[in-house]
Structures are given as C-alpha cells and as structure tokens.
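Below is one structure, written out as structure tokens; comments come after it.
The values are calculated or read from the model by the stated rules, or taken from the named source; none is laboratory data. What you are looking at is a predicted structure, and each value in this text was computed from that prediction instead of being measured. With ideal geometry, Cβ positions are generated from the backbone for all residues, glycine too; neighbour counts draw on all protein chains shown. Surface areas here come from the heavy atoms of the whole protein model, side chains and all, with no ligands, DNA or RNA. Shrake-Rupley method; radii C 1.70, N 1.55, O 1.52, S 1.80 Å.
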Amino acid sequence: MTTSLPHQAAPPDEPRRAVEDPRHKAKRRVLTLLIIVLLIGVPAGYLVISANQSRSSGKDKEAKYSATGLAPGFPSKVQRRLYQVAVPHPADYIAYYETNNWKTSRLYIQFRTNSAGLDSFLGAMGVRRDELKKDAEPISARDRKVSGWNFTGPGPWWGLAHPQKNPAPTQDVLVNMADPNFPMVYVVSRTVP
C-alpha cells in the first residue's frame, strides 16, 4: 500500500496562471518546431551539401592526378610559377603533364607560338634564341617516354638545357622550327623538392 503525499499549496502572494488559449498554444508549438528545424535541419543540410561537394572535388583531383601523359590545357598558375614556365601569348596546342615523387618533380609542357612568343618565352627563362643549338637533344629518352613525345618529325630541331641552382628548376627546351613563323616548343622543367 502506498501512501500519497500531500501537495503543497501555492504561495498566496503569487498570481494564478491564466489558462493558455488554444490558438496561442498552437502558435507556440509551431514556433518551437520551426526553431528545431532551423537548429538541426539547416546544419544537417549544409553538411550533406558540403560532403557532396567534397566528394566531387576529390573525384576531380583523383582523375587529374591519375592521368598519364599530356592533357590539353594550361597548367595552373602555381605550376607555371613553381616550374618557371611562362607560356607566351599567343600560344595554342598547349598540353602538359606533371609528375611528382620524393626525389624530383617534373612538368612536361608543349605549345605552339609565333616567333615573338618564342623570344618572349626564352627571355622569361633568362636565355636568348641564339643560345639554342641545332640538332641538340636536351630532353632525355626517359622524359620522352613519360611524355609520349617522339621527335622524328621534320625539323630543324633546336634545343638547350638551362640548368639552375636549387631550388630554381632546371629546364630542357626543344623547339621544332619546321615552320619558323610558328615554332612548336617542348619543355621539361624539373625541380627537387
């Protein structure tokens, strides 16, 4: 058998609470529901959107870095600055490929430009056109294999190796002058991290 305890009466100086109006009660519940949705639903929706964007970004990067061989387009500004390769304007047939490992990082880039563009490109490297040597082969067989370049087309071919002290990159440049008005330029720029 349980005994019930007596209830304590409200203090006499405290006013009585009015009974809540049903319309007010409904408004209060709607407001409470809205606050819960805003406090929980909005951050949850943000997390879902953010996760999908992150996943998409990861897939794009995976595709970019799992590529083998030259891909059409410009290297990023960071890559051009790091490897000190200033693609001149105008230029077309632009393609590049980057490889990285613990020992050496390389940027392979090719483009076609005009005569002034070639001079501009070489000047940005700190060399002049008269430093190019006819029939020089500065790009190694290993780099040719990695990039897929085959330098057997009509020439003449002019090239130079531009070694620099670390951390500046070393550049190997080969220029196909079959059309002297529109030379095709091949560059391997390598740096040691």
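Results for (1) under 12 Å from V187 (Cβ atoms); (2) of a type outside the set (V, I, T), shown as yes or no for each residue.
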{"position": "P75", "(1), (2)": "yes, yes"}
{"position": "V85", "(1), (2)": "yes, no"}
{"position": "T99", "(1), (2)": "no, no"}
{"position": "R106", "(1), (2)": "yes, yes"}
{"position": "Q110", "(1), (2)": "yes, yes"}
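If I filter the range 42-69 down to residues being over 16 Å from the mean Cα position of the chain (by Cα) and closer than 21 Å to K145 by Cβ, which single residue comes out as modelled with the lowest pLDDT? If you could, list the steps in order and put the result at the bottom.
At the first step, the residues of the range 42-69 found to be over 16 Å from the mean Cα position of the chain (by Cα) are 42-52, 68-69.
So of that shortlist, the ones also closer than 21 Å to K145 by Cβ come out as 68-69.
Working: T68: 63, G69: 74.
Among those residues, the one meeting the criterion is T68.
Which residue is farthest from P163 (Cα to Cα), if the candidates are limited to the range 74-121 and must be of a type in the set (S, T, N, Q) and either in contact with an Asp or Glu (Cβ under 7 Å, 6 or more places away or on another chain) or open to solvent by less than 20 Å² (accessible area, probe 1.4 Å) (or both)? Walk me through how you get there before you give the answer.
Residues of the range 74-121 of a type in the set (S, T, N, Q): 76, 79, 84, 99-101, 104-105, 110, 113-115, 120.
Right, trim to either in contact with an Asp or Glu (Cβ under 7 Å, 6 or more places away or on another chain) or open to solvent by less than 20 Å² (accessible area, probe 1.4 Å) (or both) and you get 79, 105, 113.
Values: Q79: 18, S105: 15, T113: 23 Å.
Ranking the candidates gives T113 first.
Within the range 3-31, track down each residue that is at pLDDT below 90 and β-branched (V, I, T).
T3, V19
Name the single residue, out of those in the range 132-152 being among the hydrophobic types (A, V, I, L, M, F, W, C) and closer than 19 Å to T99 by Cβ, that is farthest from the chain's Cα centre (by Cα).
If we take residues in the range 132-152 being among the hydrophobic types (A, V, I, L, M, F, W, C) and closer than 19 Å to T99 by Cβ, then A141 is farthest from the chain's Cα centre (by Cα).
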